[in-house]
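J.: Attaching a single structure in structure tokens format; questions to follow.
Laboratory data are not the source of any read-out in this text; all were calculated from the coordinates shown. Everything numeric here is computed off the predicted structure, so don't read it as measured data. In this analysis, Cβ positions are derived from the backbone assuming ideal geometry, glycine residues included, and neighbour counts consider all displayed protein chains.
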Amino acid sequence: MKKKIVSIVLASAMVVSLAACGNSQAPETTAEAAPEATTEAPAAETTAATAETTTAEEKTEVKVEGKIALVTDSGDITDESFNQSTWEGVVAFGDENGIEYNYYKPADDTDEERINSIDLAVAEGATVVVLPGYLFGPALAECQETYPDVNFIAIDVSAFDLGTDIASNAYACTFMEEQAGYLAGYAAVKDGYTKLGFLGGMAVPAVIRYGYGYVQGINAAAEEMGVDVEVKYTYGGQFYGDANITAKMESWYEQGTEIVFACGGGIYTSALEAADNYDGMIIGVDVDQRPIIGERCLTSAMKGLQATVVSKLEGLFAGNWDQIGGKIDNLGLADGDFIGLPTDDDSWAFKTFTKDEYETVLAGIKDGSITISNDTENQPEVGAHTTVEYID
């Protein structure tokens, strides 16, 4: 928990279930909690009726008793990604406040098994269930009605994913990925890269917003600097790497591409393999990937996953659920430090782009003087210095 999105502490991890996304073992028909990964506070601490949690800004009195459960999507809590980062938020809050917590891994990557895991969590006493990733839309739609006395916190689940109205016992949020993509593209060009690539996973809205934001940031920096840049842009149609995608990335690097924004879970492995073979660089996604990928990672376009989980749990256990229940937020820099690049010295690999320059562009996005389109239907407009090749 040493990496920062500006001033918020984030976990170092990598996204598998992007557009969302301990191993626990599950029986054939129902998911099973993983006891080895469970931390249970002593009974006196679990109630935490008068415990306090200290944030960077204030102390929040914990007034509500309960038990937290997290259900993983198609990964697990050691996936160095979406599941792990949200789980670490649960752990941080639970440990700080003496709240019991546990996690559950579905037996299969289906809505039925995700619902089975939620059923098991509630049967074992969970009063709040954290759901990381867009795959939980259908499960949340059903379970928010089945369990009206349980609170649900769904991270990266949109109204489209839910497919119905959100109930008062549920909260969901998405992120302005276009802002994170913009920052990554802008910083890369300011650092001297002029031949860039974007490798998305599946062309779902979150991935598209990352990619189109990336193109907008590249264009903005190119216009400011008066330099010509070239961008290759493609989707792999999946969230994992394979030989075909690696071959495509190798052809890009061989043709002169210097850096690729690998945006789609495990698809980064293909970009990394190709980068290793051709001395290229990559940009990570969702969380700080440099500790995972190593020196090939220039930076990462990040979401404040852990910080979001902690802040919503704080609101719930402080008795302020009515302020967020029934809402679906779209979180960006105007709302807080929910988006950014890693600024920890160990992850700041830029050679010429400075932290002061970063803070300037960050401030411009926050105050609205820099505008970034979130349109996923139309390719971004670019100026005379930017050429984008969209590749099927």
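J.: What does the C-alpha gyration tensor say about the overall shape of the stretch 178-315? Classify as rounded when a/c is under 1.5, otherwise prolate if a/b is larger than b/c, or oblate.
T.: On the way: a/c = 1.73, a/b = 1.23, b/c = 1.41.
Oblate.
J.: Sticking with this structure for a sec: Strictly over 25 Å apart at the Cα level, which of Lys63/Lys366; Lys312/Lys351; Lys312/Lys366; Lys67/Lys327 would you flag in this model?
T.: Values: Lys63/Lys366 33 Å; Lys312/Lys351 37 Å; Lys312/Lys366 21 Å; Lys67/Lys327 22 Å.
Pairs exceeding the cut-off: Lys63/Lys366; Lys312/Lys351.
J.: Treat every Asp and Glu Cβ in the stretch 231-283 as -1 and every Lys and Arg Cβ as +1, leave all other atoms uncharged, and give the resulting dipole magnitude about the Cα centre to the nearest 20 debye.
T.: Numbers: 2 positive and 7 negative charges, 48 e Å.
In total the dipole reaches around 240 debye.
J.: If you don't mind, there's one more thing I want to ask. Rank by packing, highest mean first: peptides 108-115, 124-131, with packing defined as the count of other Cβ atoms within 10 Å averaged across residues.
T.: On the way: 108-115: 17.4, 124-131: 22.1.
Ranked by mean Cβ neighbours within 10 Å, highest first: 124-131, 108-115.
J.: Continuing with the same structure: Please list 3J(HN,Hα) in residue order for the stretch 236-249, calculated via the Karplus relation 6.51 cos²θ - 1.76 cosθ + 1.60 where θ = phi - 60°; whole Hz, with x for glycine and proline.
T.: x, x, 6, 10, 8, x, 7, 4, 5, 5, 4, 4, 5, 5
J.: Quick check: the distance between the Cα centres of the stretch 66-91 and the stretch 112-169, to the nearest angstrom?
T.: Their Cα centres are 14 Å away from one another.
J.: Moving on. With the cut-off at 1.5 for a/c, could you classify the stretch 102-233 from its C-alpha gyration tensor as rounded, prolate or oblate?
T.: Prolate.
J.: List, in order, the whole-Hz ³J(HN,Hα) value for each residue of the stretch 286-296 obtained from phi through the Karplus relation with A = 6.51, B = -1.76, C = 1.60 and θ = phi - 60°; use x for Gly and Pro.
T.: Coupling constants for the stretch 286-296: 6, 9, 5, 8, 4, x, 8, 7, x, 5, 6 Hz.
J.: Let me ask something additional. Set Lys and Arg Cβ to +1 and Asp and Glu Cβ to -1, take the dipole of the stretch 78-213 about its Cα centre, and tell me which of Ala121, Ser168, Tyr212 lies farthest positive.
T.: My answer, from the dipole projection, is Tyr212.
J.: Taking square-rooted eigenvalues a ≥ b ≥ c of the alpha carbon gyration tensor, is the stretch 49-170 rounded, prolate or oblate, where a/c under 1.5 means rounded and, failing that, a/b exceeding b/c means prolate? Display every interim value, and only then the final one.
T.: Values: a/c = 1.69, a/b = 1.45, b/c = 1.17.
Note, shape of the stretch 49-170 comes out prolate.
J.: Here is a further query. May I ask you to order 266-279, 167-180, 217-230 by the average number of other C-beta atoms within 10 Å around their residues, highest value first? Could you put the intermediate results ahead of the total?
T.: Values: 266-279: 21.6, 167-180: 24.3, 217-230: 19.5.
Going from most to least packed, we get 167-180, 266-279, 217-230.
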